[in-house]
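Scroll down for the structure; my scribbles are underneath it.
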Amino acid sequence: MDNSNGKLAIFFDLDDTLYDHLVPFREAVREVLQPDETYLIYADLFYKVRHHSDLLWPKYLRGELALEETRVRRLELAFAEYGIELEREQAVKIQAAYIGRQYSIKMIEGAAEQLQRFISLGHKVGIITNGPQDHQMSKLRGLGVDKLIPENMIFISDAVGLAKPDPAIFAHVNKVTGTTAEHSLYVGDTWDNDVVGALAAGWKVCWYNPRGRQPGTEHKPSHIFTSYREFSELPLI
């Protein structure tokens, strides 16, 4: 049964979609390592961190790695791939500094206005994010998203028991919210987790790609945007 009444279900990723993960990461690395930034491109290094995080996350979900070990190990692997030797103690300190900065964050310019726009027009608006329940909720509260979106429209992988890119998490969201894949749109930044996962569930996808990353597969998102000004002009509604 189609209960959309002409309205969309619009769900957003959190990390690097509503706020820029790179800012707390850069400041944490500066604090601990005080690196020579002449040749260090933080965006490239952080991309490697996210990549290794995505590769390690299934092991965490299966209970093969503890959460803190997963977080520290992704730093070690990413820095090594980038050509920077990182001792375990340094990785632990960077992770601690990084986490500490993630609760004093701001939304990407224009993101809050777009959440408010869809809500005011009567569309169902929510969040689908991978991560630990308390950690992700703390970030959402820090951003003020919890004041815009009710808790029953916020889906966090550790609480749900499913994680992106598994299309089952998107199907679960449809079932719980009484929406359909046909009228659902996902907005996210990572290719495998967000674009591939949501498309596999039959959703439309807006790929947020501010740093000009190349697609990882032949999947075709419905739209690509590099800023929320561009997003506001897309023919979504």
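The values are calculated or read from the model by the stated rules, or taken from the named source; none is laboratory data. This structure is a prediction, so every number in the text was calculated from the model and none was measured. So basically every Cβ, Gly included, is an ideal-geometry build from the backbone, and we count neighbours across all protein chains shown. In case anyone asks, the SASA skips ligands and DNA or RNA and just uses the protein heavy atoms, side chains included. Shrake-Rupley method; radii C 1.70, N 1.55, O 1.52, S 1.80 Å.
A few notes on this one:
- Of all residues in region 141-167, those satisfying the criterion of being open to solvent by 40 Å² or more (accessible area, probe 1.4 Å), over 25 Å from Gly122 (Cβ atoms) and part of a loop (DSSP other than H, G, I, E, B) are Gly161, Leu162, Pro165, Asp166.
- Top-ranked residue in region 114-140 [being open to solvent by less than 50 Å² (accessible area, probe 1.4 Å) and assigned to a strand (DSSP E or B); ranked as nearest to Leu55 (Cα to Cα)]: Thr129
- Some residue of region 59-72 being within 30 Å of Asn5 (Cα to Cα) and of a type outside the set (Ser, Thr, Tyr): no
- Among residues of region 191-218, those that are more than 14 Å from the chain's Cα centre (by Cα) and open to solvent by 30 Å² or more (accessible area, probe 1.4 Å), counted: 12
- Verdict on Pro221 being open to solvent by less than 60 Å² (accessible area, probe 1.4 Å) and in contact (Cβ under 8 Å) with a residue 12 or more places away in the chain: yes
- Number of the condition not met by Thr217 [criteria: (1) more than 27 Å from Gly110 (Cβ to Cβ); (2) modelled with pLDDT of 95 or more; (3) hydroxyl-bearing (Ser, Thr, Tyr)]: (2)
Conditions (1) without any contact (Cβ under 8 Å) to a residue 24 or more places away in the chain; (2) on the phi > 0 side of the Ramachandran plot; (3) in contact with a Phe, Trp or Tyr (Cβ under 6 Å, 6 or more places away or on another chain), marked per residue:
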position: Ala97; (1), (2), (3): no, no, no
position: Val125; (1), (2), (3): no, no, yes
position: Gly142; (1), (2), (3): no, no, yes
position: Val145; (1), (2), (3): no, no, no
position: Leu162; (1), (2), (3): yes, no, no
position: Ile169; (1), (2), (3): no, no, no
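- Verdict on Leu56 being open to solvent by less than 70 Å² (accessible area, probe 1.4 Å), at pLDDT below 95, assigned to a loop (DSSP other than H, G, I, E, B) and among the hydrophobic types (A, V, I, L, M, F, W, C): no
Conditions tested, residue by residue: (1) farther than 17 Å from Trp203 by Cα; (2) out of contact with any Lys or Arg (no Cβ under 9 Å at 6 or more places or on another chain); (3) surrounded by fewer than 18 Cβ atoms within 10 Å (Cβ to Cβ).
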| site | (1), (2), (3) |
| --- | --- |
| Asp13 | no, no, no |
| Thr17 | yes, yes, no |
| Glu27 | yes, no, yes |
| Arg30 | yes, yes, yes |
| Gln34 | yes, yes, yes |
| Thr38 | yes, yes, yes |
| Tyr42 | yes, no, yes |
| Val49 | yes, no, no |
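Yes or no, residue by residue, for (1) in contact with a Leu (Cβ under 6 Å, 6 or more places away or on another chain); (2) modelled with pLDDT under 90; (3) open to solvent by 60 Å² or more (accessible area, probe 1.4 Å); (4) in a helix (DSSP H, G or I):
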site	(1), (2), (3), (4)
Phe46	yes, no, no, yes
Glu64	no, no, yes, no
Glu68	no, no, yes, yes
Val72	no, no, no, yes
Leu77	no, no, no, yes
Ala80	no, no, yes, yes
Ile84	no, no, no, no
